[in-house]
Amino acid sequence: MSKLPKLGFLYLDYVLRFFDESNFRGWPDKIEKVVYHWKNDKDRFIKEVKRKKIDILIGNIPATAYDTFVQIAKELPQVRFVPSIETQFPNKSKENVTLFCKKHNISDPKTWIFYDKEEGYNFLRNGAEYPIIIKRSYGPSNYGGYYVHYIRSAEEAISLLDKQKYNPIYIQEALDLKGKDIRVMLIGHKPVCAFWRVAGDGMDITNTSQGGYIDYNNIPMHVLELAVKASKAAKAEYWACDIADIDGKPYILECATAFAAFPYIRDWIGQYLMWDFSGGKFRKPYFPLFNWEELGKIDSNLLRTMRYIQFSRYTPSTDGAFFVKKKDAFDMELTDESTPSDIPNNPYKPLKLEDEIPDEVKTSSKNSYIEDEKFTFSNITLTKLLSLPSMEEELAKKIIELIEAGEIESLEDLSEYDYIDENLLSLWQESFK
């Protein structure tokens, strides 16, 4: 085999790792690891990538580090980021998802975005038709649906925003989901897993962590077609979409390269990437369409432990007869090369000089209604905690419980708990008074 590119995993301190060597089983060369340590680590990180002579850097970038990695990628023009910086643009925020859809003429719900509080409140009082959906925009995930709010009146909307201080104010029409939407995962623009997310009793939104459930059957073809269109527009090696199907018309609700996936799907992505990186010397993986209907029959507790599931193409027998194999609806493809022009402009927010400055520890108070607000334990909320670099949902909930129970009165008090990393505490401290 001719010389292969030098691979590296892009890791960040305190951030869950999507890939490791086990997902690239069979890759003959050492895969390097480069860890970004936050807080003024850009120059050191760039030097390490150059010193290790990495050709391809693999890994998702969290919203809190996206702007910094835009700058890092400019300093490493010889390195291919997978997914590309441009592909990861929708990872940063919900408004970025909206901008992405508008640029590429991809069907999405009617959306209003306000960076000015009074303009947003005026729309809620005088222009909005209820019900509406209000979302916390920052980041690719809404943490189990806890930051997607079904709003029935202007009073309810303003009360929510006064409490949560979401900025920008991100509003969508409340599509009649009839209690369900669809998650589609794609590799090389080919759907490899899809399922309905069905709301539980009394739920306004669909989310499995709040009592919903999954159904792998009868995914409409037009939904898969929209997901493929979005994946190709994003030039994404791997991609996921949440899609609403309203009377046969699909709408993108969310899309990103950052998504939860069982280990066997991460193995599939690794197989695809090895085929890509090797110029075809590794076998191109094959995933039958609707494979998820059969795999979905396996108990999820068992399915999340299964690894290295593979498929081969079916070759029918030709004993005296010739059978024409039906062509698969979607081919697995290599992605096009991303360019800076793939990033859409933001008509909702005029560009200011400070927008060009990376801020890797941006919090929800940055650019908020109260300029340069610092957190205190008297004003902290779950939303604000989740805006801190590398904060995990369960840990944020635990911290709120400790505050409400009167067991801690400052960030320093958390050092007494063995599940809190001291380096992470030091990083968070700069966001507090």
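A few comments on the model shown:
- Counting only residues that are surrounded by fewer than 19 Cβ atoms within 10 Å (Cβ to Cβ) and part of a helix (DSSP H, G or I), segment 277-293 holds 2 of them.
- Residues within segment 24-40 that are assigned to a loop (DSSP other than H, G, I, E, B) and closer than 23 Å to R283 by Cα, tallied: 7
- Residue match in segment 262-282 (condition: aliphatic (A, V, I, L, M), over 30 Å from P109 (Cβ atoms) and either in contact (Cβ under 8 Å) with a residue 24 or more places away in the chain or assigned by TED's automatic domain parsing to the domain that holds D55 (or both)): yes
- Restricting segment 147-173 to residues that are touching a Pro at 6+ places or on another chain (Cβ under 8 Å) and within 21 Å of L99 (Cβ to Cβ), the residue that is surrounded by the most Cβ atoms within 10 Å (Cβ to Cβ): Q172
- Residue match in segment 60-68 (condition: in a strand (DSSP E or B) and modelled with pLDDT under 95): no
- Residues (of a type in the set (S, T, N, Q), under 15 Å from the mean Cα position of the chain (by Cα) and over 20 Å from Y272 (Cα atoms)) located in segment 210-258: none
- D116 passes every criterion in (1) at pLDDT below 95; (2) within 20 Å of the chain's Cα centre (by Cα); (3) surrounded by fewer than 20 Cβ atoms within 10 Å (Cβ to Cβ) apart from (2).
- Answer from K92, K103 - the residue that is surrounded by fewer than 19 Cβ atoms within 10 Å (Cβ to Cβ) and either farther than 30 Å from R283 by Cβ or not small (G, A, S) (or both): K103
The values are calculated or read from the model by the stated rules, or taken from the named source; none is laboratory data. In this text the structure is predicted, and so the values were computed from the model without any measurement. Here Cβ is always computed from backbone atoms with ideal geometry, including for glycine, and neighbour counts include all displayed protein chains.
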